[in-house]
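Undergrad: The structure under discussion is supplied below as structure tokens; questions concerning it will follow.
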Amino acid sequence: MIDFKLPEARLDPLLDLIGKYRNDPRSHKLDLGVGVYRNNDGITPVMRSVKLAEARLHEIQQSKSYLGLTGDISFVDNLGRLLFGDSKATIAGAQTPGGSGGLRIAFETYHTAFPSGKVWVPDPTWPNHVPLVESANVATAVYPYFATATQTLLFEQMIDALAKAPPGDAVLLHGCCHNPTGADPDADQWQAIVELLLERDLVPIVDLAYHGLGRGLDEDLAATRTLIENCPQTLIAASASKNFGLYRDRVGAVYMAAHDPQVATRGQAYFGQIARCLYSMPPDHGAAVVDLVLADDALRDNWRTELNEMTQRVQSLRQAIAEHGASLGLQFVAGQYGMFSQLPLSSAQVQSLVDDHAIYIAPDGRINVAGCALADAGQFVDGLEKVGFSMNKAT
């Protein structure tokens, strides 16, 4: 008998955290680890506009047949118009299973065009970025992005590192609401990034996962729009899971924005070719719902109103944590964007927060600001103080 030899799998520590939180009997427990939006009742709600669109879809949908390798093109086009506005670039796209599916296809498309190229990844970044790049057989390099101990964007170091990247390499950029730090470049810094990309002939790959949950929808999309207007070609992976609350429906898309229409057309063909080998065709329901919302003026306006409410709630939570934690030096939380911030906590402090205070956060110190109610901000800060955290000590 042959042995079916498999090495130990690399398990995502956040998945382990989900199970521990679920089985924790303590009534005062807080889940600031898992990266989903929650309302003040601790629920990830189904948005009102989504409910209305789902009811309409139930009435009008006549078939569950395949849509094709690139999915729901009406969804892709409507989402593209939302993301890119009146771009002068030629934009081609495909529906994908969430933003992760979009990233995987973007990395493989890049690898097809630049077989010896590397993808430069920020440090820190979302933990699944590097595995996704490597799964497409692409090498990675790292550029400095953020110092957690001082809560400082390392912009000069970032530019210095990328100035050494050879032409044809790709740079992975968070379009907004950086995960895990919540720290984004300002408009002038984004312009400097664009100038560097052009000078070094580098390819931007943009991860758009939390647009609309930072400063506001158009404000959060400004950097990506600047990139595609200036760079000859840009790959974008976009998620509609977070800002439509459609997490389990896995709604996303991948786009090629190019100044040469032929490049965009070839990019879209590769999207379908790669999808065929990965998952064949994407799921339909969530994309069909988003398409209905974006195609209907009233539903789209309702959705934007709800999204603004979510954004204001996140901003209020950031302000509350900053105010409760002023003595610990947490004022910086109010100046960051999106759902996440990252604190310079030791592994022992993280473990104590979980074991002794029922406060669940990611092992790297990332907190999901949107995971708590306003009334919980004080409990969270008290827990930090009890485990001996303060920014004064951290620095």
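The values are calculated or read from the model by the stated rules, or taken from the named source; none is laboratory data. This one's a predicted model, so the numbers in the text were calculated from it and none came from an experiment. Glycine gets a Cβ as well: all are built from the backbone with ideal geometry, and neighbour counts include every protein chain shown. Keep in mind that these areas ignore ligands, DNA and RNA; they rest on the heavy atoms of the full protein, side chains included. Shrake-Rupley method; radii C 1.70, N 1.55, O 1.52, S 1.80 Å.
Undergrad: In debye, nearest 20, what is the charge dipole magnitude of the chain about its Cα centre with +1 on Lys and Arg Cβ and -1 on Asp and Glu Cβ, if you could check?
TA: My answer is approximately 680 debye.
Undergrad: I'd like the distance separating the alpha-carbon centroids of segment 207-275 and segment 103-143, in whole Å.
TA: With segment 207-275 and segment 103-143 each reduced to a Cα centre, they are spaced 16 Å.
Undergrad: Quick one: accessible surface of ASP355, probe radius 1.4 Å, all protein chains present, in square angstrom to the nearest 10.
TA: 90
Undergrad: Provide the solvent-accessible area of HIS324, counting protein heavy atoms only and rolling a 1.4 Å probe, rounded to the nearest 10 Å².
TA: About 100 Å², rounded to the nearest 10.
Undergrad: Size of the dipole of segment 1-92 about the Cα centre, Lys and Arg at +1 and Asp and Glu at -1 on the beta carbon, nothing else charged, in debye to 20?
TA: 220
Undergrad: For segment 84-133, report the % of Cα-Cα distances exceeding 11 Å.
TA: 75
Undergrad: Run the Debye formula on the Cα coordinates of segment 162-254, all scatterers equal and no solvent, and tell me log10 I(q)/I(0) at q = 0.11, 0.15, 0.20 1/Å.
TA: -0.32, -0.58, -0.96
Undergrad: Further question: From the residues VAL133, LEU82, PHE155, which one has its Cα farthest along the dipole of the chain in the positive direction, the dipole being from +1 and -1 charges on Cβ of Lys/Arg and Asp/Glu about the Cα centre?
TA: Of the candidates, VAL133 comes out farthest on the positive side.
Undergrad: Where Rh is the Kirkwood radius over the Cα pairs of segment 115-229, the temperature 37 °C and the viscosity 0.692 mPa s, what D in µm²/s does Stokes-Einstein return?
TA: Answer, rounded: 228 µm²/s.
Undergrad: Obtain the nm distance between the two label points defined at ARG56 and GLN273 by a simple spin-label model: each point lies 7 Å from its Cα along the Cα-to-C-beta direction.
TA: It works out to 3.8 nm between the two label points.
Undergrad: Ok, one more. Calculate the FRET efficiency for GLN189 and GLU229 from the Cβ-Cβ distance with a Förster distance of 22 Å, rounded to the nearest 0.05.
TA: 0.85
Undergrad: If you don't mind, there's one more thing I want to ask. Mind putting a number on the dipole of segment 122-277 about its Cα centre? Charges go on the C-beta only, +1 for Lys and Arg and -1 for Asp and Glu, and I need it in Debye to the nearest 20.
TA: In total the dipole reaches around 700 debye.
Undergrad: Turning to a different aspect of this structure: For the residue pair GLU134 and GLN157, what label-to-label distance in nm results when each label sits 7 Å from Cα along the Cα-to-beta-carbon direction?
TA: 2.2
Undergrad: How large is the Kirkwood hydrodynamic radius of segment 189-340, counting all unique pairs of alpha carbons, in Å?
TA: The answer is 17.8 Å.
Undergrad: Quickly estimate the mean residue ellipticity at 222 nm for the chain, helices only: each DSSP H run with n ≥ 4 gives -39500 (n - 2.57), and the total goes over all residues, rounded to 500.
TA: -14000 deg cm²/dmol
Undergrad: Residues with beta-carbon under 13 Å from that of VAL121, excluding VAL121: net charge, scoring Lys, Arg +1 and Asp, Glu -1?
TA: Cβ neighbours under 13 Å give a net charge of -3.
Undergrad: Let me have the relative contact order for the chain, percent, based on Cα pairs under 8 Å that are six or more residues apart.
TA: 26
Undergrad: Which values, in whole Å and largest first, are the semi-axes of the equivalent ellipsoid of segment 63-104 obtained as the square root of 5 times each eigenvalue of the Cα gyration tensor?
TA: 20, 13, 9
Undergrad: With all protein chains present, how much of the accessible area of the chain (probe radius 1.4 Å) comes from carbon and sulfur, to the nearest whole percent?
TA: In the chain, the share of accessible area belonging to carbon and sulfur is 51 percent.
Undergrad: Restricting to Cα pairs below 8 Å that are 6+ residues apart, what does the relative contact order work out to for segment 274-376? Please round to a whole percent.
TA: Once normalised by length, the contact order is 21 percent.
Undergrad: At 0.36 nm per residue, minus the direct Cα-Cα distance, what do GLN331 and HIS28 gain on full extension? Give it in nm, one decimal, please.
TA: Gain on extension, GLN331 to HIS28, equals 106.6 nm.
Undergrad: Within 13 Å, Cβ to Cβ, of VAL381, how many net charges do the neighbouring residues add up to if Lys/Arg are +1 and Asp/Glu are -1?
TA: Spelling it out: positives minus negatives among the neighbours equals -2.
Undergrad: Work the Kirkwood hydrodynamic radius out for segment 47-128: mean of 1/r over every pair of different alpha-carbon atoms, inverted, in Å.
TA: Kirkwood radius, segment 47-128: 16.0 Å.
Undergrad: What area, in nm² and to one decimal, does the C-alpha convex hull of segment 40-198 cast on average over all directions?
TA: Averaged projected hull area, Cα only: 13.2 nm².
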